[in-house]
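These notes concern the structure reproduced below.
The values are calculated or read from the model by the stated rules, or taken from the named source; none is laboratory data. Nothing here was measured: the structure is a model prediction, and the numbers come from that model. Backbone-built Cβ (ideal geometry, glycine too); neighbour counts: all protein chains shown.
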């Protein structure tokens, strides 16, 4: 990591005018070279490997028989290889297959990821750039609500979906009529994600350079227009990182889907199907290993796909020092 | 039609999102679980004639919620497939491994299933107390006599019958390897004293990690329950039904000398360092070994015996032969005090209704009939009914036969799993924790008892 | 036979298509409504413009949060003042602050509170530290997506999956037997002939459970901090390098100050997640062997052991515990705004 001994930095220091640093691609190249130190790469890879070993053990055990996995460590696989795709076969074909649950999971996850992003970034923008009396108080309320455990909301929210909102016997708000549909799950996930989403996106949006927004104001753009054409595009990195995690939480969620998902087993997401595969007395816990692997594939694809939105230099030249 | 309903729901959801308060107009009420026409009870003919009693609800859907998961839930679905085909009633079963915490949430949120299969009399009583449980229909009440008084009692709350028993499992079993016993000249013990001397004899012969007994009380968030069964077996087998019942109602406390003596019996038995934990390690390992894995050392001749219920049969790896001359089999756990007549501890489920829709009642009636029980028995082994009217010759599996023999024995001292009948604060909380501490942390019996008694809700 | 297979296949495909279409319809419908609202409201000018924009932008979020979180929170506070035992109990009575008194005087709960504070201090610090380290190391590295994906992987695994994975690490078997737990195997190879039964040995077990949480959260910290680092233009780094900053100094004087705000945000988020997490403690040990934390005890009280009022009191305590965090962030934000 010590770049002082890096010959590259020495050369660039001598060959470049100190008053006029590199810009654009030249700067990118120079920085990239300076930072691609082998030590950094080795340390990064080492942490990566350390982080992967536990999962790797599960991966190996997903190919081993139940009794092998229960009586010897997964590393014994390399000494006495025993290979079986039985677990995967059971997970993929059990109870009518995994296809419909996968589709259900997607149908739950996609709206439950996109809707909160819009709602939260709008709120974040309003709280950050449209100052009005009470806007701070509202932001702090959002922030503090993060800690309300969603388990608390299961019963009151369900009562609202079924009967509408009643205070002292009077219906204040009628039921939205979504009982038993996926819409109920989307709404619930949106509600539960908002405090964190508003908090994260607000903090990012608040850091956007004021000059950009001022300039748009001067050009006569309305608040809504600024949101659409300035704030939203510039917030892509924050939106991308938030959507990864919102996607993951919804994808891995069992509690909300189970509580609000109605009683039709045909509408269950993957997590519910996986759970029912493990057997009444936990007699098929070994299926958790292959099942875990199959469910992890989709989030990793999403992660890799969204990574390219972490574009460097989106705000180039306009970040305050 | 279905598409439109979905779209309406979507629109309603979206409207709720996009506008401020007072957004939606109520609109469509989503899907109703009992939509569709009833019509007159057309006569069922041919093979369907036997379902005539349940006819007249064609096109209806009955939702059912329980803790039973695949593959056992698949067997349930096949057991009523014929009934559904003939009567036109669709039964939608959903299982959850957190059933006990999900059910109160659903019921209290106004989203109760039509029927719930409740495995704990304690939870049944709690549900009745919320006022959501419906009285059973006349047909189910009539079937009440299919069960003995003890079973009926566990389906009742404050003396009023609510829920008919469904399946039954036999807890008072000891798993062993007939082959290993035969090779070493051991015989199956029939008295407690025999069992103790057999353990001594085994311990003398065994070497290495092998021990006469193995056990595991790890069960994720329910860790500790197998040890509550051990204590229950000893209390029932040492003092009989009356003390057991008083213990459930906390008239006899855990710190009572009788329960303390029962704990002493376990200290000498499953906490005896010379006797446990076969194939795994010392006494403390019982606390961390999962109950699923507990018996596997038996197959490697590293453990002599395991006390575990009939449903442990599902844990043996594929290809394990279960039977009197197979790889593993079970014998009835003898009574601690020989004067107690055939103590049998069991568990089971109770079909509880949250709807009095006639179609739901038809299903309820059917499930309480010997006809359904026999249909379920024929689907797959590993399932026993406590229904006394069931034809015992239908059981094909040796463990089912053994369990059924004791569960239907009118002279046996039958009692339900005590921790399932105690208040949840104890039966699913303090007692489990207490057992884990007792085995895993070496806490004394007196301290364990004190902690459990303190948690008893006032 | 084949005909039924075909019809089955087409019905499965049809069902899948209907389900997905419903989801797409919802998203499109939602976006369309937003577009219309933006279009219509965009025509408003003058004095109406700002209030209208505020209502449109903030309204939906406020409405949803009020419905999904504020009302339940009020219900919870209410419940914590009663003697309610199970959900839907019909006769409950007010008992004042009895449940709070219990929480602070019961020795078991006191220990739980202390342990929760430990979690709150250690987990966010280490998880964010590791996340920041990886984000920095790979920030300008070639093939950065490989180590990033490796560290991210645990985040994508459900808690149930994580529990299974770590059981293969922490499993204990007597040393004379073949080991099934990686940790035991490693320390035995390193010469510790008689390792403890990890998960039942306090206080070690609490730290081992923290490791799982750190393992999961580091990926979150890495992704968010990585995105923030990416937002620092190369020009800034390059000009700093021109001035002679490099290595740790570059990191300390340029990179950290520039992502300071994000760092606070991530730290806060991980803290709140840690405070709320109960799944790990719940699934690994169920809070036994002195590993209990507030969130698990609260969950069990409310949904497992039928002591709703006590659980509600713990929930309120959890809520109050975050207030200092909120206040700190408020001050940060105020300062931030003054600079701007």
Before we move on, is residue C:226 within 27 Å of residue C:121 (Cα to Cα), at pLDDT 90 or above and within 9 Å of another protein chain (Cβ to nearest Cβ)? no
Condition set over 20 Å from residue B:371 (Cβ atoms) and buried (at least 21 other Cβ atoms within 10 Å of the Cβ), scope region B:74-95, selection modelled with the lowest pLDDT: answer is B:95
Would you be able to say whether some residue in region B:73-93 is outside any helix (DSSP H, G or I) and within 14 Å of chain C (Cβ to nearest Cβ)? no
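Looking at A:87, A:73 in this structure, which one is facing chain C (nearest Cβ under 7 Å), surrounded by 13 or more Cβ atoms within 10 Å (Cβ to Cβ) and modelled with pLDDT of 65 or more?
Numbers: A:87 fails: facing chain C (nearest Cβ under 7 Å).
Just one listed residue meets the conditions, A:73.
Only one of B:444, B:411, B:385 is in contact with a helix residue (DSSP H, G or I) (Cβ under 7 Å, 6 or more places away or on another chain) and more than 14 Å from chain C (Cβ to nearest Cβ); which? Let's see the steps before the verdict.
Numbers: B:444 fails: in contact with a helix residue (DSSP H, G or I) (Cβ under 7 Å, 6 or more places away or on another chain); B:411 fails: in contact with a helix residue (DSSP H, G or I) (Cβ under 7 Å, 6 or more places away or on another chain).
Every option except B:385 fails the conditions.
Suppose the filter is under 17 Å from residue C:221 (Cβ atoms), assigned to a helix (DSSP H, G or I) and more than 9 Å from every other protein chain (Cβ to nearest Cβ); does residue C:267 pass it? Write out each step before concluding.
Values: under 17 Å from residue C:221 (Cβ atoms): yes; assigned to a helix (DSSP H, G or I): yes; more than 9 Å from every other protein chain (Cβ to nearest Cβ): yes.
In short, yes.
Can you say whether residue A:137 is surrounded by 18 or more Cβ atoms within 10 Å (Cβ to Cβ) and not in a loop (DSSP other than H, G, I, E, B), as far as the supplied structure shows?
It is false that residue A:137 is surrounded by 18 or more Cβ atoms within 10 Å (Cβ to Cβ) and not in a loop (DSSP other than H, G, I, E, B).
The rows are residues; the columns are (1) over 29 Å from the mean Cα position of the chain (by Cα); (2) part of a helix (DSSP H, G or I); (3) free of Cβ contacts under 8 Å to residues at least 12 places away in the same chain; (4) in the same structural domain as residue B:400 (by TED's automatic domain parsing).
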{"site": "B:193", "(1), (2), (3), (4)": "yes, yes, yes, no"}
{"site": "B:197", "(1), (2), (3), (4)": "yes, yes, yes, no"}
{"site": "B:204", "(1), (2), (3), (4)": "yes, yes, yes, no"}
{"site": "B:215", "(1), (2), (3), (4)": "no, no, no, no"}
{"site": "B:226", "(1), (2), (3), (4)": "no, yes, no, no"}
{"site": "B:231", "(1), (2), (3), (4)": "no, yes, no, no"}
{"site": "B:234", "(1), (2), (3), (4)": "no, yes, no, no"}
{"site": "B:247", "(1), (2), (3), (4)": "no, yes, no, no"}
Looking at this structure, is residue C:335 within 14 Å of chain B (Cβ to nearest Cβ) and over 14 Å from residue A:140 (Cβ atoms)? no
Kindly evaluate residue B:115 against the criterion of being in the same structural domain as residue B:383 (by TED's automatic domain parsing), at pLDDT 85 or above and under 20 Å from residue A:266 (Cβ atoms). yes
When region A:172-195 is examined, which residues are found to be more than 17 Å from residue A:251 (Cα to Cα) and in a helix (DSSP H, G or I)? A:195
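Can you tell which of C:274, C:262, C:283 is within 14 Å of chain B (Cβ to nearest Cβ) and in contact with a helix residue (DSSP H, G or I) (Cβ under 6 Å, 6 or more places away or on another chain)?
Working: C:274 fails: within 14 Å of chain B (Cβ to nearest Cβ); C:262 fails: within 14 Å of chain B (Cβ to nearest Cβ).
Result: C:283 is the single residue among C:274, C:262, C:283 that is within 14 Å of chain B (Cβ to nearest Cβ) and in contact with a helix residue (DSSP H, G or I) (Cβ under 6 Å, 6 or more places away or on another chain).
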Going by what's in this entry, would residue A:272 be described as under 30 Å from residue B:63 (Cβ atoms), at pLDDT below 85 and not in a loop (DSSP other than H, G, I, E, B)? yes
Can you name the condition, by its number, that residue B:142 falls short on among (1) surrounded by 21 or more Cβ atoms within 10 Å (Cβ to Cβ); (2) more than 10 Å from every other protein chain (Cβ to nearest Cβ); (3) more than 20 Å from the chain's Cα centre (by Cα)? (1)
Please find, within region C:86-109, the residue that is farthest from the other protein chains (Cβ to nearest Cβ) out of those that are at pLDDT 90 or above and in contact with a helix residue (DSSP H, G or I) (Cβ under 6 Å, 6 or more places away or on another chain). C:100
Name the residues in region A:192-231 that are within 16 Å of residue C:228 (Cα to Cα) and surrounded by fewer than 18 Cβ atoms within 10 Å (Cβ to Cβ), would you? A:209
Residues of region C:158-172 satisfying the condition of being facing chain A (nearest Cβ under 8 Å) and in a helix (DSSP H, G or I): C:159, C:160, C:161, C:164, C:165, C:166, C:168, C:169
With respect to residue B:219, determine if the residue is within 11 Å of another protein chain (Cβ to nearest Cβ), touching a helix residue (DSSP H, G or I) at 6+ places or on another chain (Cβ under 6 Å) and in contact (Cβ under 8 Å) with a residue 40 or more places away in the chain. yes
Residues that are within 8 Å of chain A (Cβ to nearest Cβ) and either under 21 Å from residue A:190 (Cα atoms) or in a helix (DSSP H, G or I) (or both), drawn from region C:24-50: C:24, C:26, C:27, C:30, C:31, C:34, C:38, C:41, C:42, C:49, C:50
Search result, residues across region A:50-69 that are at the interface with chain C (Cβ under 7 Å from one of its Cβ atoms) and either surrounded by fewer than 16 Cβ atoms within 10 Å (Cβ to Cβ) or in contact (Cβ under 8 Å) with a residue 40 or more places away in the chain (or both): A:58, A:61
Given the condition without any contact (Cβ under 8 Å) to a residue 12 or more places away in the chain, within 30 Å of residue B:132 (Cβ to Cβ) and crowded, with 18+ Cβ neighbours inside 10 Å, answer yes or no: does some residue in region C:80-102 qualify? yes
Taking residue A:153 as meeting all but one of (1) more than 10 Å from chain B (Cβ to nearest Cβ); (2) surrounded by 20 or more Cβ atoms within 10 Å (Cβ to Cβ); (3) over 27 Å from residue C:32 (Cβ atoms); (4) without any contact (Cβ under 8 Å) to a residue 12 or more places away in the chain, write down the number of the exception. (4)
Here the residues within region C:257-279 that are modelled with pLDDT of 85 or more and within 13 Å of residue C:116 (Cα to Cα) are C:271, C:272, C:273, C:274, C:275
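Scan region B:427-458 for residues that are part of a helix (DSSP H, G or I), under 30 Å from residue C:89 (Cβ atoms) and without any contact (Cβ under 8 Å) to a residue 60 or more places away in the chain and jot them down.
Residues of region B:427-458 part of a helix (DSSP H, G or I): B:427-440, B:445-455.
From the residues that got through so far, the ones that are under 30 Å from residue C:89 (Cβ atoms) too are B:427-437, B:448-455.
Residues satisfying the conditions are B:429, B:430, B:437, B:451, B:454, B:455.
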Quick count over region C:262-286, residues being within 17 Å of residue C:112 (Cα to Cα) and free of Cβ contacts under 8 Å to residues at least 40 places away in the same chain, is 3
Find all pairs meeting these conditions: Cβ atoms under 7 angstrom apart; at least six residues apart or on different chains; first residue within region A:196-214 and more than 10 Å from chain C (Cβ to nearest Cβ); second residue surrounded by fewer than 24 Cβ atoms within 10 Å (Cβ to Cβ) and modelled with pLDDT under 85. A:211/A:318; A:212/A:318
